[in-house]
Amino acid sequence: SWKITQFTLLKPGKILEKLGICSDLSLLRVVLDGIPPRRDSKLLIKDLKVDEVPLRIYQPKQPPTGKRRGILYFHGGAGTFGSISKKSASFIFKTKSKPLYFYLQTWQYFDCLNATLYFMRNLEEYHVDPALIIISGDSCGANFATVICQILLNKRDLPKVRAQVLLYPGLQGLDFHLPSYQQNASVPLLFRKLVIYFCFRYLNKEPSVLEDVLQNCHVPESMKQKYKKWISADIIPDKFKIRGYVPQKTTSYKPEVHEAVKELLAITFSPLLAEDAIICQLPESYIVTCEFDVLRDDGLLYKKRLEDNGVQVTWYHSESGFHGILAFFDASLTLSLTNLYLAKNLNTFDLCFGF
């Protein structure tokens, strides 16, 4: 099972790390990368690096007859693993729009930002219509996409993003006791403890205070009260609490824990904490959540925040879905729902990502 695979790889990885051979995440990356998918002969695929960020560009081989749609996609992988070699983009060229598709291998949000800035400053080279740009991603890649969309609001010299597409996003490090975290704590593919573990690895920190963070001891009471209007189990609709949710008992704030992981509460890690003045300027959004996913409520809370600020949101909830489900299905099948959404809501597009 996935649970066995993850933990059986991380444990020997720790041994190899102590021996100075490789890290636990290096071992996990090798196994998860597996065999690269077959390259589609109808596509022009180019790999390059932008400020040392690996980037793969997919485009049709035939010359463009007009301006293309541009899609940037940030892959998931907890900000620690994943590879451009695992992604095939042949599915996106089955539509008449012939979009250009940028797939980024990134481990930090600023890598995503640098690659996005490169893309937006070179639209002419790729024949992309500046009015038709989507920024998207899954899991932590959706977190990066969210952060980048917020940052770009201050880049007045760049085109506006047409839409953001967020597939089961993780968007906050303030509350790890939301209903979805409780209900799906031991549900594959992403366990509650594993979320915190990967957060520590992403931030390049030892998980010595992991248990304290699980209990939200890293959050000052003043911050809990300030953001309660945006991040709280009280905001989650009751229908998502029927699977045994129990409100968390009060826990003591520990300043030393906060100091160790204060980056979890930064806007660049927790874009759900952005002020309304930022949220109200964001582009039309498409959000996918899964019932059996610890990150489900992050998506639900962001959906509400966007809607409360007048941003149009199309939301799809998979009642039987789990975190990472997109990786288990052929793209031509899994993307049909989003294609339908785009045809209905973004008539300038006819392609994006979804189940």
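Points to keep in mind about this one:
- Failed criterion for residue 242 (all others in (1) without any contact (Cβ under 8 Å) to a residue 60 or more places away in the chain; (2) open to solvent by less than 30 Å² (accessible area, probe 1.4 Å) hold): (2)
- Residue tally, condition in contact with a helix residue (DSSP H, G or I) (Cβ under 9 Å, 6 or more places away or on another chain) and open to solvent by 60 Å² or more (accessible area, probe 1.4 Å), over the stretch 264-275: 1
- Whenever a residue of the stretch 112-130 is part of a strand (DSSP E or B), its partners that are modelled with pLDDT of 90 or more, lying with C-beta atoms within less than 6 angstrom and at least six residues away or across chains, give the pairs 130/123; 130/159.
- Residue 326 open to solvent by less than 20 Å² (accessible area, probe 1.4 Å) and touching a residue at least 12 places away in the same chain (Cβ under 8 Å): no
- Annotation note: of 156, 192, 162, the sole residue that is under 17 Å from the mean Cα position of the chain (by Cα) and of a type in the set (Lys, Arg) is 192.
A quick yes/no check of all residues on (1) in contact with a strand residue (DSSP E or B) (Cβ under 9 Å, 6 or more places away or on another chain); (2) in a loop (DSSP other than H, G, I, E, B); (3) farther than 16 Å from residue 108 by Cβ:
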| site | (1), (2), (3) |
| --- | --- |
| 134 | yes, no, yes |
| 141 | yes, no, no |
| 145 | yes, no, no |
| 154 | no, yes, yes |
| 181 | no, no, yes |
| 189 | yes, yes, yes |
| 197 | no, no, yes |
| 207 | no, yes, yes |
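- Total residues in the stretch 57-91, condition modelled with pLDDT under 70, touching a His at 6+ places or on another chain (Cβ under 9 Å), surrounded by fewer than 20 Cβ atoms within 10 Å (Cβ to Cβ) and assigned to a loop (DSSP other than H, G, I, E, B): 2
- You will find that of 277, 343, the residue that is modelled with pLDDT under 80 and either in contact with a His (Cβ under 7 Å, 6 or more places away or on another chain) or not in a loop (DSSP other than H, G, I, E, B) (or both) is 343 and no other.
- Per-region count, the stretch 276-297, residues crowded, with 18+ Cβ neighbours inside 10 Å and among the acidic types (Asp, Glu): 2
- Single residue of the stretch 180-203 satisfying the filter (among the charged types (D, E, K, R) and within 24 Å of residue 318 (Cβ to Cβ)) that is most open to solvent (accessible area, probe 1.4 Å): 193
- The set of residues in the stretch 210-236 being assigned to a helix (DSSP H, G or I) and either charged (D, E, K, R) or in contact (Cβ under 8 Å) with a residue 24 or more places away in the chain (or both) consists of 211, 212, 213, 214, 221, 223, 224, 226, 227, 233, 234, 235.
- Filter pass, residue 154 being free of Cβ contacts under 8 Å to residues at least 24 places away in the same chain and either open to solvent by 10 Å² or more (accessible area, probe 1.4 Å) or more than 30 Å from residue 184 (Cβ to Cβ) (or both): yes
The values are calculated or read from the model by the stated rules, or taken from the named source; none is laboratory data. The model shown is predicted, which means the values in this text are computed figures rather than measured ones. No Cβ is skipped: glycine too gets one built from the backbone with ideal geometry, and neighbour counts run over all protein chains shown. All accessible areas refer to the heavy atoms of the entire protein, side chains included, with ligands and DNA or RNA removed. Shrake-Rupley method; radii C 1.70, N 1.55, O 1.52, S 1.80 Å.
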